[in-house]
Amino acid sequence: RELSTHPMNVRPMAFLPRSEGILLQHENNSISEWSLSTGRETPVWQAPDRVRAWAVSEDEHWLTAFSYSGASIFRDRSTRNQTNLGVNLPQASGANFSADGRQFAVVSWIGGGKVWSLDPLRELGTLRGFMQGTHSVVFSPNGDRLAAGGAGKETLKLYDSVKYQELLT
């Protein structure tokens, strides 16, 4: 079955196993959802320019996307409401939600990252200590730690997820 009627390049962003779908980013910076069961496109929305990092919450309710220039969005997939976050973290390279869906983190190729709360939507802390690029971030299953991966001597850093203090390099 052919999923796309768009004559442009697409980047796969994420599978949505609960809703049997896939998120795709088009070269015009729009994001579409496709139902894998029907082969039909569902909501389409405009993303920040050149999205390079994104995350979908475990329950597939929330989507966050970050651009190379520092623009950021937070989207409620059920209501289709979208908020510009103002994270202002240029060259975003990785993002992830905590397992309980209460927080998300984003990191940057220029080093470091930020952690946000969902309820209420606000910045909680900053991940510091990388001299070179940070490429990925993940929460521990119980949510008490964050790990961020990068380059150079700081290949991996482990942080406390309450005070966002570095525990281990």
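The values are calculated or read from the model by the stated rules, or taken from the named source; none is laboratory data. These numbers were taken from a predicted model, which means no experiment stands behind them. Cβ placement follows ideal geometry from the backbone for every residue including glycine, while neighbour counts extend to all protein chains displayed. With ligands, DNA and RNA removed, areas are computed over all heavy atoms of the protein, side chains included. Shrake-Rupley method; radii C 1.70, N 1.55, O 1.52, S 1.80 Å.
In order along region 38-44, phi translates into HN-Hα couplings of 9, x, 10, 7, 9, x, 10 Hz, rounded to whole numbers, per the Karplus curve 6.51 cos²θ - 1.76 cosθ + 1.60 with θ = phi - 60° and x for Gly and Pro.
Note on the chain: with a GNM built from Cα contacts shorter than 10 Å, the maximum mean-square fluctuation among 149, 70, 86 falls on 86. Rounded to the nearest Hz, the phi-derived 3J(HN,Hα) couplings of region 26-37 under the Karplus curve 6.51 cos²θ - 1.76 cosθ + 1.60 (θ = phi - 60°) are 9, 5, 8, 6, 7, 10, 10, 10, 10, 7, 7, 7, where x marks glycine and proline. Here the convex hull built on the C-alpha positions of region 1-82 has a volume of 82 cubic angstrom per residue.
Ligands, DNA and RNA left out, the 1.4 Å accessible surface of the chain is 49% carbon and sulfur atoms. With semi-axes defined as the square roots of five times the eigenvalues of the C-alpha gyration tensor, the equivalent ellipsoid of region 71-161 measures 22, 15, 10 Å, largest first.
Is region 76-129 rounded, prolate or oblate when judged by the Cα gyration tensor, a ≥ b ≥ c being the square roots of its eigenvalues, rounded requiring a/c under 1.5 and prolate requiring a/b larger than b/c? Let's see the in-between values first.
Working: a/c = 1.99, a/b = 1.58, b/c = 1.25.
Prolate, because a/c is 1.5 or more and a/b exceeds b/c.
Each Lys or Arg adds one and each Asp or Glu subtracts one; over the other residues with Cβ under 12 Å from the Cβ of residue 114, this totals +1. Accessible area per residue for region 117-166 is 58 Å², calculated with a 1.4 Å probe on protein heavy atoms, without ligands, DNA or RNA. With all pairs of different C-alpha atoms in the average, the Kirkwood value for the hydrodynamic radius of the chain is 16.3 Å.
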